[in-house]
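The following block contains the structure, expressed as structure tokens.
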There are 2 protein chains.
Amino acid sequence: MEATLPTTRDDCLAADASDPLRRFRKEFALPEGVIYLDGNSLGPRPRSSSATATRVLEQEWGTGLIRSWNTAGWFELPGRLGDKLAALLGAGPGEVVVTDTTSLNLFKSLAAALRIQREAAPERKVIVTERDNFPTDIYMAEGMVDFLDQGYSVRLIDEGLPLEAALGGDVAAVALSHVNYRTGAMWDMAATTSAVHRAGALAVWDLAHAAGAVPVDLRGAGADFAVGCTYKYLNGGPGSPAFIWVNARHQDRFWQPLSGWWGHARPFAMEDSYEPVTGIGRFLCGTQPMLSMALVECGLDVSLAADMGAVREKSLRLTDLFISLVEARGAGHGLELVTPREHARRGSHVSYAHPEGYAIMQALIARGVIGDYREPHVLRFGITPLYLGCTDVWDAVDALFDILDNRLWDAPEFRERLQVT
Amino acid sequence: MEATLPTTRDDCLAADASDPLRRFRKEFALPEGVIYLDGNSLGPRPRSSSATATRVLEQEWGTGLIRSWNTAGWFELPGRLGDKLAALLGAGPGEVVVTDTTSLNLFKSLAAALRIQREAAPERKVIVTERDNFPTDIYMAEGMVDFLDQGYSVRLIDEGLPLEAALGGDVAAVALSHVNYRTGAMWDMAATTSAVHRAGALAVWDLAHAAGAVPVDLRGAGADFAVGCTYKYLNGGPGSPAFIWVNARHQDRFWQPLSGWWGHARPFAMEDSYEPVTGIGRFLCGTQPMLSMALVECGLDVSLAADMGAVREKSLRLTDLFISLVEARGAGHGLELVTPREHARRGSHVSYAHPEGYAIMQALIARGVIGDYREPHVLRFGITPLYLGCTDVWDAVDALFDILDNRLWDAPEFRERLQVT
């Protein structure tokens, strides 16, 4: 694929003109003068979200009032959106719900995994995850084992060490991010799940940086649990509710501890004891934020209209282009690629370490090239094929090197640390 | 107060004309032809919510994109809204956050209470709550003790039995709803908290049907934890995020198990181990749904502009009026008042049991008098002084008796059971 990459800006314009995904860009309300390379943190606004928000606010809430729980389908929305999302995850209907946050859904998954092991193999009391995983995944596991206080523990594996070395007979569950939030490195889900299963553990996948970005085949991989986020590559809106998938073979095997009334078999019978509903619904807990949830559908519908194979192909082409353009101009600038070059191991963002990464990113953002910065030293560029093209990548790299060549980052306003999410 | 109640519809019109809270009605977008008596389930839409939604969608999400986490104050919103809400709860700044759901916040509170007792009095392993409590409160407690699997249990007290009888030396925490969702009965928070403390337990209050409806003084009562909902009397929108209050004396004593990155001392340092931030922030978990959360402020600002003493006075006057009008016409209709007559024991809704309660409520809703139905047999009428007046109560009771006198409820379309939230 390297051979066919554009080598001039005109090449980029020509490539974009014949891009079969080009038509999706108009679905997003991107501001003028911005090249948005942070869709892996917060996807941009689908244009259809305005009409949806007005409908939910004025018709459903304003006029429908309490009746909308039935008439507008609010109560069914977590499952209806989950069924739509399933198509992007290699999952089936009735296997996914959109609800709560990724952190909470990870808690439910890990709790369920420990519960299964408590009966099957009570000596298995270790949750394995990566030191380089998105921190909340580690924190939720820590909170759980600390609260249980029964000899459970969290084992962190370090980058570059083989997972297998951590998979002893004491391991109950392995929680991994399919695509690493910082480096963009991707696990082989099928092979890794098999290794986890061979070791007698259960595999929990965090798809936050994978869903909508790379092809995912949860059923094909035989995974046990998966959670993820709708506000990154799925463009659901700031903090929109997360999702959870549970392999059908596990769904009815336990009762997850965040057992709120939305997961009850008969939530409106107001019974005085919990009885979980059959199926994925038992992973629901409390009443969901309907306006934020309704907007998830806008982004989801755009992703579902695109061919995921074409999205993946374009993503790799654009990340290849980014890497090759930096390589062509980057000697001596101190940029170190931290994203794998191998396609099979790369998600949909490109990251570089640089000692002045923070200031460089601020200088880029100030001129409308919006990526983000992650400790330590990492410049992160999200490549989202639904609304980016080769020319965007070209112009972004051009801006980056203007800033590097002329040390434009070395200014007080760019070096001052603000909180950056 | 009974003596001064209106006895004709003209009296009602006159009383409404001189009502000092009358000006708040225009703040809400209530549909024509509807008398809305279900604000205790889902508050109506504040008119300002349209502009707020447009701002969050178009400016903050659309144009600000990822930058809005800082520039639009998204990251601080749970605490900023919590500080505003504190004024309605008898709490101080830094004691409340708006986040997650009531169910989840109850889980955090109970987990924290058990954790405190684990160190102070490890023999205390019982969570006491009411059989008639809102079911999710029971279910969350059940999920927790089941998951802990260390001899913890839930003890349900029955209506009419004295709480003290359940408060043995084995009780760790008592979780009560300040106002009961079904009956509208209200606990004396100060006296009950004292009794709980005398018994060596911690008091966790669910304010779902109290916040914004009745004066609440958490600090004055010396309560330990409180949780509640923003979409009922606070008019935050369907499923808007809930809140949690923790008495300052407890905030830093433990680490609650839903320990997501938003509760970390340095969330953006991406550290590989959890260290809770000092204060109420450690009760945050994952990324919040910003659109639904931003709308909470619209309803909150209306409540904060009203005098809670005047709200309470009008609420009691309207519920008194409802009760007296039903009493004047209700003989032989089978309506049984289940809400306490004593003001000090009454929240802000009125409930009646009737064997045909479901069909009667459907008939009422069909003619625009929207209350709701709760199993078993209960017709529930929420009385919300910010947008209801004496005339609304008069007309609602009038419609109720037209339906009862003429058995209009006895029609197939009203008897067919739909799911009603």
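Tell me whether region B:55-63 contains one or more residues that are part of a helix (DSSP H, G or I), at pLDDT below 95, of a type in the set (Ser, Thr, Tyr) and over 29 Å from the mean Cα position of the chain (by Cα). Outline the logic, then answer.
Here is the first cut: in region B:55-63, the ones part of a helix (DSSP H, G or I) are B:55-63.
Retained after the next criterion (residues that are at pLDDT below 95): none.
No: zero hits.
Tell me the residue from A:215, A:267 that is without any contact (Cβ under 8 Å) to a residue 60 or more places away in the chain and surrounded by fewer than 24 Cβ atoms within 10 Å (Cβ to Cβ), please.
Checking each option against the conditions leaves just A:267.
Out of region A:51-67, which residues are facing chain B (nearest Cβ under 7 Å) and crowded, with 21+ Cβ neighbours inside 10 Å?
Passing the criteria: A:53, A:57, A:61, A:62, A:65, A:66.
Filter region A:280-301 down to the residues that are away from chain B (no Cβ under 12 Å) and over 21 Å from residue A:217 (Cβ atoms), then identify the one that is farthest from the chain's Cα centre (by Cα).
A:281
Give the residue, chosen from B:37, B:42, B:30, that is under 26 Å from residue B:309 (Cα atoms) and surrounded by fewer than 22 Cβ atoms within 10 Å (Cβ to Cβ).
Exactly one of B:37, B:42, B:30 is under 26 Å from residue B:309 (Cα atoms) and surrounded by fewer than 22 Cβ atoms within 10 Å (Cβ to Cβ), namely B:30.
In region A:219-238, is there at least one residue being in contact with a helix residue (DSSP H, G or I) (Cβ under 7 Å, 6 or more places away or on another chain), more than 10 Å from every other protein chain (Cβ to nearest Cβ) and assigned to a helix (DSSP H, G or I)?
Looking through region A:219-238, at least one residue is in contact with a helix residue (DSSP H, G or I) (Cβ under 7 Å, 6 or more places away or on another chain), more than 10 Å from every other protein chain (Cβ to nearest Cβ) and assigned to a helix (DSSP H, G or I).
For region B:90-110, which residues satisfy the criterion of being surrounded by fewer than 22 Cβ atoms within 10 Å (Cβ to Cβ) and in contact (Cβ under 8 Å) with a residue 60 or more places away in the chain?
B:90, B:92, B:94 - these are the residues of region B:90-110 that are surrounded by fewer than 22 Cβ atoms within 10 Å (Cβ to Cβ) and in contact (Cβ under 8 Å) with a residue 60 or more places away in the chain.
Determine whether residue B:3 is modelled with pLDDT under 95, over 24 Å from residue A:66 (Cβ atoms), away from chain A (no Cβ under 14 Å) and part of a helix (DSSP H, G or I).
Here the answer is yes, as residue B:3 does meet what is asked.
Name the single residue that is farthest from residue A:114 (Cα to Cα) among those in region A:218-248 being in contact with a Gly (Cβ under 7 Å, 6 or more places away or on another chain) and surrounded by fewer than 24 Cβ atoms within 10 Å (Cβ to Cβ).
Among residues in region A:218-248 that are in contact with a Gly (Cβ under 7 Å, 6 or more places away or on another chain) and surrounded by fewer than 24 Cβ atoms within 10 Å (Cβ to Cβ), the one farthest from residue A:114 (Cα to Cα) is A:220.
Also, I was wondering about something else. Conditions: (1) in a helix (DSSP H, G or I); (2) within 7 Å of another protein chain (Cβ to nearest Cβ); (3) within 17 Å of residue B:242 (Cα to Cα). Residue B:81 meets all but one. Number of the miss?
Unmet for residue B:81, out of (1) in a helix (DSSP H, G or I); (2) within 7 Å of another protein chain (Cβ to nearest Cβ); (3) within 17 Å of residue B:242 (Cα to Cα): (2).
One line per residue, one yes/no per condition, for (1) under 21 Å from residue A:325 (Cα atoms); (2) free of Cβ contacts under 8 Å to residues at least 12 places away in the same chain; (3) facing another protein chain (nearest Cβ under 10 Å); (4) not in a strand (DSSP E or B):
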{"position": "A:7", "(1), (2), (3), (4)": "yes, yes, no, yes"}
{"position": "A:25", "(1), (2), (3), (4)": "no, no, no, yes"}
{"position": "A:30", "(1), (2), (3), (4)": "no, no, yes, yes"}
{"position": "A:33", "(1), (2), (3), (4)": "no, no, no, yes"}
{"position": "A:43", "(1), (2), (3), (4)": "no, no, yes, yes"}
{"position": "A:49", "(1), (2), (3), (4)": "no, no, yes, yes"}
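Next up: Among the residues of region A:249-264, which ones are surrounded by 14 or more Cβ atoms within 10 Å (Cβ to Cβ) and either of a type in the set (Lys, Arg) or in a loop (DSSP other than H, G, I, E, B) (or both)?
A:250, A:251, A:252, A:254, A:255, A:256, A:257, A:258, A:259, A:260
Follow-up. Identify the single condition in (1) touching a helix residue (DSSP H, G or I) at 6+ places or on another chain (Cβ under 9 Å); (2) at pLDDT 95 or above that residue B:142 does not satisfy, given that it satisfies every other one.
(1)
Count, please, the residues in region B:403-418 that happen to be in a loop (DSSP other than H, G, I, E, B) and over 17 Å from residue B:372 (Cβ atoms).
Looking only at that region, the number is 5.
The values are calculated or read from the model by the stated rules, or taken from the named source; none is laboratory data. From a predicted model like this one, the values you see are computed outputs, not experimental measurements. Ideal geometry is used to build each Cβ from the backbone, glycine not excepted, and the neighbour counts take in all protein chains shown.
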